[in-house]
Amino acid sequence: MADRLSELIRRDAQDALREGWACEIAGREIYCLVETSSTNHVALNLARQGALEGTVVVADAQSAGRGRLGRAWLAPPGTSLLFSIVLRPRPGPPPFQTVMAVALGVVRGLAAGTGLEASLKWPNDLLLGGRKAGGLLAEGEAEEGGFGFMVVGVGLNVNFYPRRVAGIPAEATSILEVLVREVDRCALLRHILQAVDEEYALFRRGVSPHARWAEALATLGKEVVVELAGDRIRGRAERADENGALWILEPGGSHRRILAGDVTHLRTVG
Ligand code: BTN
């Protein structure tokens, strides 16, 4: 059965989606799509055509949703939050801090909308009870004569059981699975966009999201395995720096700085 978010998306009811929420940047423009290939793909095209910073593309279904490291992002239609936001950060702070600000907004909005305390797995996974319930995908481009733009896509498993969907990793979870009840996706989207807006506005004013982002990282202090193209590193995740890089202490005592990769948490150390 179609819920309120499906209904508002179908009616392209941007104003109703924005009801009761005062955003400085995020959601100034909202594109509602019943089904699309990938909201990141659409948002990137809009950004190339000059879309306003804060433009949000929200879809009820994706036929080619993309995840990190070339993976697919799967979600049954009408069950999830699938959206992307166009951002045009000023030069200066490390580019990954834009993603940190959005991730913090998602964590805060999720808490406000559901009472659930999510954590982050480096670099961009959203965890509930240590299991993946969502993720962020950032894609950016430089622009001639401009500062460039970044599209940050967010996928959050809301009202479905991931283990019943072929192709989704068995260890994934959802809000439904954790709360044992369905939640109002529309209210949740508003909470998240509002919190993303607040975090991004702070970031734009020069407040670094780094310390709070690092605090939300469940990865730190854990024994981890990082899969990189052609390499596998095992060690203790010690810290994540201002650029978003993860520092691993290897058993031999050497430190490795990782900028991208796939992390598995093994166990908490000490
Ligand atoms: C990951 O954990 O691998 C990141 C997943 C990001 C998925 C979202 S769903 C909305 C947006 N559109 C996409 O195609 N991908 C992101």
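The values are calculated or read from the model by the stated rules, or taken from the named source; none is laboratory data. In this text, all values refer to a predicted model and were calculated from it rather than measured experimentally. Reconstructed Cβ throughout: ideal geometry from the backbone, glycine too, with neighbour counts over all protein chains shown.
General observations
- Qualifying positions in region 37-78 - assigned to a helix (DSSP H, G or I), within 11 Å of the ligand (Cβ to nearest atom) and in contact (Cβ under 8 Å) with a residue 12 or more places away in the chain: T39, N40, H41, V42, A43, L44, R68, L69
- If you go through region 121-137 and keep only what is assigned to a loop (DSSP other than H, G, I, E, B) and more than 11 Å from the chain's Cα centre (by Cα), you end up with W122, G129, G130.
- Looking only at region 224-264, residues that are in contact (Cβ under 8 Å) with a residue 40 or more places away in the chain, surrounded by 16 or more Cβ atoms within 10 Å (Cβ to Cβ) and more than 19 Å from the chain's Cα centre (by Cα) come to 2 in all.
- Selected residue (criterion: farthest from the chain's Cα centre (by Cα)) from residues of region 138-159 that are farther than 24 Å from D3 by Cβ and within 15 Å of the ligand (Cβ to nearest atom): G140
- Filter result (under 16 Å from V154 (Cβ atoms) and either crowded, with 20+ Cβ neighbours inside 10 Å or small (G, A, S) (or both)) within region 13-24: L17
- Scanning region 1-23 for residues that are in contact with a Gly (Cβ under 8 Å, 6 or more places away or on another chain) and part of a loop (DSSP other than H, G, I, E, B) gives A2, D3, R18, W21, C23.
- Residue in region 36-50 that is within 20 Å of E198 (Cβ to Cβ) and either modelled with pLDDT of 95 or more or within 16 Å of the chain's Cα centre (by Cα) (or both) present: no
- So A240, is it touching a helix residue (DSSP H, G or I) at 6+ places or on another chain (Cβ under 9 Å) and aliphatic (A, V, I, L, M): yes
- For beta carbons closer than 8 Å, sequence separation of 6+ or different chains, a first residue in region 79-92 that is of a type in the set (G, A, S) and a second that is more than 16 Å from the ligand (Cβ to nearest atom) and assigned to a loop (DSSP other than H, G, I, E, B), there are no qualifying pairs.
- Restricting R181, R190 to those that are assigned by TED's automatic domain parsing to the domain that holds V56, farther than 20 Å from N124 by Cβ, of a type outside the set (D, E) and free of Cβ contacts under 8 Å to residues at least 12 places away in the same chain reduces the list to R181.
- Taking every residue in region 12-26 that is within 15 Å of I85 (Cα to Cα) and pairing it with any residue that is among the hydroxyl-bearing types (S, T, Y) and in a helix (DSSP H, G or I), at least 6 positions away or on another chain, the pairs with Cβ-Cβ distances below 9 Å are E24/Y200; I25/Y200; A26/Y200.
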